[in-house]
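Have a look at the structure below before the remarks.
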Amino acid sequence: MLIPGIVFAVIFAYYPLYGLIIAFQKYVPTTGFHSPWVGLGNYEYLFRQPNFVRTIWNTFYIALMKIIFGIVVPVIFALLLNEIRSTRTKRLFQTVVYMPNFLSWVILSGVMIEILANEGIVNLTLGRFFGIEPINFLSDAQVFPWTVVVSDIWKGFGFGTVIYLAALTSIDPGLYEAAVVDGAKRWKQTRYITLPLLMPTVMLMIILSLGNVLNAGFDQIYNLYSPIVYKTGDIIDTYVYRLGIEKAQYSMGAAVGMFKSVINFILLLLANFTVKFVTGHGLFS
């Protein structure tokens, strides 16, 4: 039964690793893997480029904000949703917040461009009810990163909510009954029972998220950004796309991609070690 999965992984995950050799070459398509060897020359060139260093910072910043709020918001919403006693109402809210997860960023980006325009529904609402001047959500370099973070949380927090709700259902109801007998109110029950028992799941999600800390969301940002917000919105993936695909600098694109993968792998191991050392729960034994 494992053979199909192993074959699939070898063909599509391990065999293509040989292509990383072009990150150390001055790759020319006509000569293929026999292109001139330059060693670390591509990396030396990249790190001398101010734009590349800037994209690293942008990627870390946007990805960390997504990870932090992508954990906090689903946990809070799951706790609130868990307090609803009506099963029908709970399922309704759960379905509504989960629906955006099924839509691609190509579709959602088109919707967001319309509603976040200067004369879109968001700016009209802010101006009519709060007297706020129109905000350039997609063309202001200072606002754009937060637009990306908030929209990503809106799209994905429904999935996280489902995970945390499943973890909440595994908590022994007898613990809450004993707490009520001891006079504990809802807040103390949440603080001393719910949150501690929910922490292993939270830690697991944090570890998995840190493994993708340099994946700030190519499909989302590529469909939303423009040259005017490159300063704060350009990330490693979009930089690789423009460098490797649009400008046909394949060696540079491969070098950046390899750099990102190595950093992600190291951060995943460090996060797992740290969390396991502190809590005793880790992704790897």
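The values are calculated or read from the model by the stated rules, or taken from the named source; none is laboratory data. This one's a predicted model, so the numbers in the text were calculated from it and none came from an experiment. Cβ coordinates were reconstructed from backbone atoms using ideal geometry, including for glycine residues, and neighbour counts include every protein chain displayed.
Remark: pairs (first residue in region 142-166, within 9 Å of residue 98 (Cα to Cα); second residue of a type in the set (Phe, Trp, Tyr); Cβ separation under 8 Å; 6+ apart in sequence or on different chains) = 155/105; 157/77; 158/98; 159/98; 161/77; 161/98; 162/98. Kindly establish whether residue 267 is in contact (Cβ under 8 Å) with a residue 12 or more places away in the chain, surrounded by fewer than 22 Cβ atoms within 10 Å (Cβ to Cβ) and not in a helix (DSSP H, G or I). No. Among the conditions (1) buried (at least 16 other Cβ atoms within 10 Å of the Cβ); (2) touching an Asp or Glu at 6+ places or on another chain (Cβ under 8 Å), residue 82 misses just one, which is (2). Do the conditions hold for residue 125, that is, is it under 30 Å from residue 227 (Cα atoms) and among the hydroxyl-bearing types (Ser, Thr, Tyr)? Yes. Among the residues of region 54-109, those identified as farther than 26 Å from residue 261 by Cβ and not in a helix (DSSP H, G or I) are 83, 84, 85, 86, 103.
Yes/no per residue for (1) farther than 30 Å from residue 37 by Cα; (2) touching a strand residue (DSSP E or B) at 6+ places or on another chain (Cβ under 9 Å); (3) among the β-branched types (Val, Ile, Thr):
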| position | (1), (2), (3) |
| --- | --- |
| 159 | yes, no, no |
| 162 | yes, no, yes |
| 165 | yes, no, no |
| 187 | yes, no, no |
| 243 | no, no, no |
| 248 | no, no, no |
| 256 | no, no, yes |
| 262 | no, no, yes |
| 270 | yes, no, no |
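Would you mind stating whether residue 146 is closer than 28 Å to residue 92 by Cα and at pLDDT 85 or above? No; evaluated as a whole, the condition is false for this residue. Under the condition of being surrounded by 12 or more Cβ atoms within 10 Å (Cβ to Cβ), farther than 21 Å from residue 264 by Cβ and among the small types (Gly, Ala, Ser), the residues counted in region 35-66 number 2. When each of 208, 224, 168 is tested for being touching a Leu at 6+ places or on another chain (Cβ under 9 Å) and closer than 28 Å to residue 46 by Cα, the lone residue that passes is 224. Applying a threshold of 6 Å to beta carbon distances and a minimum spacing of six or more residues, or different chains, the list of pairs starting in region 203-231 at a residue that is in contact (Cβ under 8 Å) with a residue 12 or more places away in the chain and buried (at least 19 other Cβ atoms within 10 Å of the Cβ) and ending at one that is among the small types (Gly, Ala, Ser) and in a loop (DSSP other than H, G, I, E, B) reads 229/141. For the condition touching a Phe, Trp or Tyr at 6+ places or on another chain (Cβ under 9 Å), farther than 30 Å from residue 259 by Cα and at pLDDT 85 or above, residue 194 qualifies.
Answer with yes or no whether residue 151 is loosely packed, with under 15 Cβ neighbours inside 10 Å and closer than 21 Å to residue 74 by Cβ. When the stated conditions are applied, residue 151 does not pass them. Scan region 28-44 residue by residue and report those that are in a helix (DSSP H, G or I) and closer than 11 Å to residue 250 by Cβ. Across region 28-44, the qualifying residue is only 42.
Looking across region 72-104, the residues that are at pLDDT 90 or above and closer than 27 Å to residue 267 by Cα come down to 72, 73, 74, 75, 76. Residues that are surrounded by fewer than 18 Cβ atoms within 10 Å (Cβ to Cβ) and under 20 Å from the mean Cα position of the chain (by Cα) within region 232-250 comprise just one, 241.
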